[in-house]
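Quick notes on the structure that follows.
We did not get these values from a lab; they are worked out from the coordinates using the rules stated. Because the structure is a prediction, the values reported are computed rather than measured. Here the Cβ positions follow ideal geometry from the backbone for every residue, glycine too, while neighbour counts run over all protein chains shown.
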Amino acid sequence: MLIYIAADHRGFALKEHLKNFLRESGYSVTDLGNEKLDENDDYPDFAAEVGMRVSREFETARGIVICASGVGVDITVNKFPRVRSALATTPDQAYDSRNDDDTNVLALGAEYLDLPIAKKILITWLETPFANEQRFRRRIEKISQLEQKLYGTFAGARDEEGTSGTKERKETLHW
């Protein structure tokens, strides 16, 4: 699994710590910015890059986005089809977001988390599998149907077994 990570200036320090922690833990991480602390940068630029990549690679990639509150980056990445981002402030929320909602992006608020709890949230999120229960699949499928209405036909809806239907669907999205 490839993990994309990005943050603005207010999430930069946490991003750097988590990026190194993930790499030391054996994960493959691609940093999508910012590469340096720049107090004039804007979170939508970095969150959108993560959203685009995870939307395209939704079966094999996950994302982590960080800003001061986590709200702005969460809003941004959730604009992309097939992205289900969760703003988690506790390991329990991270667990539920993966177990119940099969999230593929984790949003973190750097100014609301200390490093030890951020690491616990991150590891819980990464290590929790999707439960794949019928009720959860049904809810995710409703989200996919809404995306299809809003964006048109695209690959990524899940069938009744919880697997993607990419072979049967035609990609028509452009950015």
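Here are the numbers for this structure:
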quantity	calculated
Relative packing of peptides 52-62, 73-83, 141-151 - highest average C-beta neighbours within 10 Å first	73-83, 52-62, 141-151
Karplus 3J(HN,Hα) series, Hz, for region 54-59 with 6.51 cos²θ - 1.76 cosθ + 1.60 (x for Gly, Pro)	5, 4, 6, 10, 4, 7
Taking the convex hull of Cα positions in the chain, its mean projected area over all directions (nm²)	9.5 nm²
Residue-count net charge about residue 22 - beta-carbon cut-off 14 Å; Lys, Arg +1, Asp, Glu -1	+2
Sum of -39500 (n - 2.57) over DSSP H runs of 4+, divided by residues of the chain (222 nm, nearest 500)	-13500 deg cm²/dmol
For residue 41, residues with placed amide H under 5 Å, excluding near neighbours	9
